Amino acid sequence: MHKNILTVVGITILFLGTLITPSVAIIEKSVEEKTNLEYPRFVSSNISIDKKTIITDDVIFEQLPFEPEESWVFRTSDANLGYRVWDEFWEINETICCIRWWGLSLIDSDNWTSCNPEGMVFEIIFWDALLGNPVCTYQVAPKAKGTFEFYNGSKMFYREVGLVPCCDCEPDGWVSIQSIQSPNQRHFLWAGSDDGDLYSYQEGASNPDCDSDCAYELGVVGCYYGDAKIQCEPVGMNFEKVRPRTNVTGQIYVYNKGPFLTWLEWFVYTANVPAWGTWTFSPASGGVGEDDCDIINVTCVLTDVTGTYNGTIIVYNADDSTEFCEIDTSVEVTRVRSQNVVIWNLFQRFPMLERLFSLIR
């Protein structure tokens, strides 16, 4: 069955004591019929990321996707399934040189299921205001970049390309984005938005008129879409033998190894750090240009339980959840002899005294 839409239409909340369990009813429309299916809502992690726009001040048109907690919609725009989605823009007074769009990559089985988003080829067409004549046509295969947002268990991705040559479609027009080639029956579903005039058009659907917009951005000359590449280097993050409750320190160098004019926004995933200490990262997030680096100063107050511990700290590219660094860290928390407790307490209070003592031993 070919499905042309995935949308949330209701949420049922069941209270059991203090336990709240949501279930979400989903309508999946086909050309022939409508079938009601249960599609459980995914509960995401506590990472909170603002939507960031790479082209910043050069954006000339913008419709951002629905948030996962909203009543969202994704519409199939895939040549293999016979659907193409169009959306309009207006009041553009410059040529269009960049485009960014959001969506899901799913396999059409009994239910929509997530799949690897790579390998898709897209046809982007800009049309005149009457939706009668194509003005510019592009075939592109950009890298899929992960967001930190999930929709019923499926991660949303975005793609972005610079248009060569730029497209002069001012002031009003339409754009269609359609997957025209993909491996292993993977399909593209374009994310919906409520930022525009609440109308788009889905060619191939039994009811092509849609009451929401599509999520995309348009940019002008001077915008640059390149892949910021995160790379990290730990310094002093293996703490060796240390007494209980000691403060240990290290550093993490965060590099942007992307091409010219890229900008890397990064953050430390502080919700999932090794449990054998209390961690502080200064700073815990930041931004860095190409071939430059930020330095994170790391402090950890160790556990008072002796033993050998290992763990991992993750630093994410905040604009692409598929790009991250894993920093290995370890420590051996050693036992403190009772007769040395007084001396150890002095060392805790005056770290320079411990350092001096180690030099004269």
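Overview of values
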quantity	calculated
Residue satisfying condition, being over 20 Å from the mean Cα position of the chain (by Cα), of a type in the set (A, V, I, L, M) and part of a strand (DSSP E or B), within set Val175, Val221	Val175
Selected residue (only one of Gln251, Gln231 is in contact with a Phe, Trp or Tyr (Cβ under 7 Å, 6 or more places away or on another chain), in a strand (DSSP E or B) and among the polar types (S, T, N, Q))	Gln231
Residue within the range 37-56 that is at pLDDT below 90, part of a strand (DSSP E or B) and either more than 22 Å from Asn207 (Cβ to Cβ) or not assigned by TED's automatic domain parsing to the domain that holds Ser206 (or both) present	yes
Residue count for the range 185-217, restricted to those that are within 14 Å of Leu81 (Cα to Cα), within 24 Å of the chain's Cα centre (by Cα) and not aliphatic (A, V, I, L, M)	5
Checking Cys300 against (1) modelled with pLDDT under 95; (2) surrounded by 15 or more Cβ atoms within 10 Å (Cβ to Cβ); (3) in contact with a Gly (Cβ under 7 Å, 6 or more places away or on another chain); (4) not β-branched (Val, Ile, Thr), the condition it does not meet	(1)
Residue pairs meeting the criteria (Cβ under 8 Å; at least 6 apart or on separate chains; first in contact (Cβ under 8 Å) with a residue 40 or more places away in the chain, in the range 301-314; second among the hydroxyl-bearing types (Ser, Thr, Tyr))	Val301/Thr246; Val301/Thr278; Leu302/Thr246; Thr303/Tyr309; Thr306/Thr334; Ile313/Tyr269; Ile313/Thr329; Ile314/Tyr269
Residue match in the range 223-234 (condition: over 15 Å from Pro65 (Cβ atoms), surrounded by fewer than 18 Cβ atoms within 10 Å (Cβ to Cβ) and touching a Cys at 6+ places or on another chain (Cβ under 6 Å))	no
Set Val221, Val175: member being at pLDDT 95 or above, farther than 15 Å from Pro142 by Cα and of a type outside the set (Gly, Ala, Ser)	Val175
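The values are calculated or read from the model by the stated rules, or taken from the named source; none is laboratory data. Source: prediction; values computed, not measured. Cβ coordinates were reconstructed from backbone atoms using ideal geometry, including for glycine residues, and neighbour counts include every protein chain displayed.
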